[in-house]
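Colleague: This structure is in structure tokens; I'll ask about it shortly.
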Amino acid sequence: MTDPSSPSGPTPEPAITPKSPHSDGPLDHQENNRRSSIAHLLRFIAPYRWRWIGAIVALLFTAAITLGLGQGVRVIIDEGFVAGNVDQLRRGVFLLLTLSVFMAMGTFVRFYLVSWLGERVSADIRRSVFNNVVGLSPAYFDTTRSGEIMSRLTTDTTLLQTIVGSSFSLALRSSISTTGALIILLITNLKLTLVVLGCVPIVLAPILIFGRRVRSLSRQSQGSIADVGTYAGEVIQHIKTVQSYTREDYEKSAFAKEVERAFIIARRRVKQRAVLMASVIILVFGSLTGMLWIGGNDVLNGTMSAGDLGAFVFYSLLVAVGVATLSEVYGDLQRAVGATDRLIELTTATADIVAPTTPGISAGELPAQVSFKGVSFSYPSRPDQNALEDLSIDIPEGGVIALVGPSGAGKSTIFELLQRFYDPQSGAIYLGNTDIRHLNPTDLRRQLGVVSQHPALFSADVTHNIRYGNPAASDEEVHAAAKAAYADDFIVSLPEGYNSYLGEQGVRLSGGQKQRIAIARAILKNPRLLLLDEATSALDSHSEQQVQRALDKLMENRTTLIIAHRLSTILHADQIVVMDHGGVVARGTHQQLLQESELYARLAAAQFSSDD
């Protein structure tokens, strides 16, 4: 067993905190990030190598057909138009039509395969990001906005889907077509080909210059879009508060500023891409015009046939279109690298709370006895402020312990640590005689049932929310748990009974109804340790009596820890622990504390006098 006083858990890695979208490191660092991002992306593509091979074969096939079209053009001009041979013209036209059919077939196969890959890889990345995120410790979400995570799951993965399923294929096709066309140009006319090749560096220059700027602005643009989504999501989530304080106009104005800021960044990115594309088009077609002038003179001088010039123009257009496509796709690829960076940060983020490397004892085999020994803890977001200070509490198996004290005393923090959402900086928490850091967190949490003051409900139906406590439970067991929590009466009165959807955060239920659903969930889980955060605080007197009876039955033969805001609900507790400023200031029964604890007596006097 490790020293209980030593901090536990791995130190958070820098990758957990997302990098600012508005800054770029040194160029070599950016290059390393780009290579790393591409390598990670290739890992998602690798399992579907046969589809990629099929797509590449189809792409090579269509590229070969495209290059063959130029020869068809030459035949039609030289042997049809110039020679005046109708049969040759007919053959040339038939050849072009045949090649077009084959090219259409190859394009169908290529488009289907690469589009499938784009959708498949995007879905795999979303699943990988989500699977990693739900396993991260709550400390990660203390410093990372949920709206930003949602933006990465949706906007960034959609962008990658476009890149993998379209842009990458276009880039590869253009590369092959351009290379093949250049080879044929060299064979056809060396002089004109040198003219074309001499223009290539001039065309590539703006791609390299503006491409780097596009990448930087793309990352900023993605970050600003995440900010917009985060702001809107927060306002919508708290819409009742916004309207209660009549802050609609303020929020409209503030949101407009966020949208405008995102637009300004996007406008700068679009401007850079537009300049890039315009520059490439001018340079490409300027070069093509010069080539036509030189080639036209050769035809007039008789050193080159009209068919060869026509084929040369066709292949030059392939080169021009290929380079223009590459310049456009390059901007998309730069955006993809930025999006991949953001997604990789989520897929590689590591949790502070992890299972032991070597299998240990199962939490289910340990007695349901909990001990806090000299625990001190501060939240990662407030490292200089201790939420608990040298706290020691013993909770015997089957006992009922209540925690009371003013707001900020550290009561809820005890629940957070016991569920091992965080590890204390010093001291240790034991289940039985085993430090919970030596237990698998998932195994530990299976022993716990939590009913909070503000229960979290999902927008799904009633059955789903109750069955969340035990996914294997039958409908009969779900109904029995609801009856035990005195929730069955109001559930059956809902429009669709147990199949009624509750809306976001259970908005269609009252506060008391939400808590009874949460209690039914805990009853169905059948835990060995109960954590009750004033589970009856939102109920009226009649409902409170009903639910209290349900809780009394649920607490039988279970270790129970109660956070009490209303002292009348914990008079039956075996021991009441009075907390203040993160520590224990007194403990005992209700009558003992009235005599021995000034703080408890003051709390009791305030509450019981207000109840009279």
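Colleague: Amide H of residue 584: which non-local residues (sequence gap of 5 or more, or other chain) have their own amide H closer than 5 Å, using H built in the peptide plane?
Modeller: Close amide H contacts, sequence-distant or interchain: 392.
Colleague: Still on this structure, please answer the following. Any idea which of 487, 506, 428 is furthest toward the positive side of the dipole for segment 363-611, if Lys and Arg beta-carbons carry +1 and Asp and Glu beta-carbons -1?
Modeller: So the residue we want is 506.
Colleague: 5 Å is the cut-off here: which amide hydrogens, built 1.01 Å from N in the peptide plane, fall below it relative to residue 403, excluding neighbours closer than 5 in sequence?
Modeller: Excluding prolines and chain starts, which carry no amide H, the hits are 562, 563, 564, 577.
Colleague: Quick one: work out Rg over Rh on the C-alpha atoms of segment 336-478, Rh as Kirkwood radius.
Modeller: 1.02
Colleague: Next up: Take segment 363-611, drop everything but the C-alpha atoms, weight them equally and run the Debye formula without solvent; then report log10 I(q)/I(0) at 0.08, 0.15 Å⁻¹ to two decimals.
Modeller: -0.32, -1.09
Colleague: On to the next question. Over the residues of segment 452-564, compute the C-alpha Rg and express it relative to 2.2 N^0.38 Å. Provide the component values of the computation, followed by the final result.
Modeller: On the way: Rg = 12.8 Å, N = 113, 2.2 N^0.38 = 13.3 Å.
Relative to the 2.2 N^0.38 Å estimate, segment 452-564 comes out at 0.97.
Colleague: Please compare each pair in 252/514; 373/525; 483/514 to a cut-off of 24 Å on the Cα-Cα distance and tell me which ones are over it.
Modeller: Too far apart for the 24 Å limit: 252/514; 373/525.
Colleague: So for each of 291-302, 128-139 I average, over its residues, the number of other beta carbons within 10 Å; can you give me the resulting order with the highest mean first?
Modeller: Put in order of decreasing packing, that is 128-139, 291-302.
A short reminder: the numbers here are calculations on the coordinates, not readings from a lab. In this text, all values refer to a predicted model and were calculated from it rather than measured experimentally. Backbone-built Cβ (ideal geometry, glycine too); neighbour counts: all protein chains shown.
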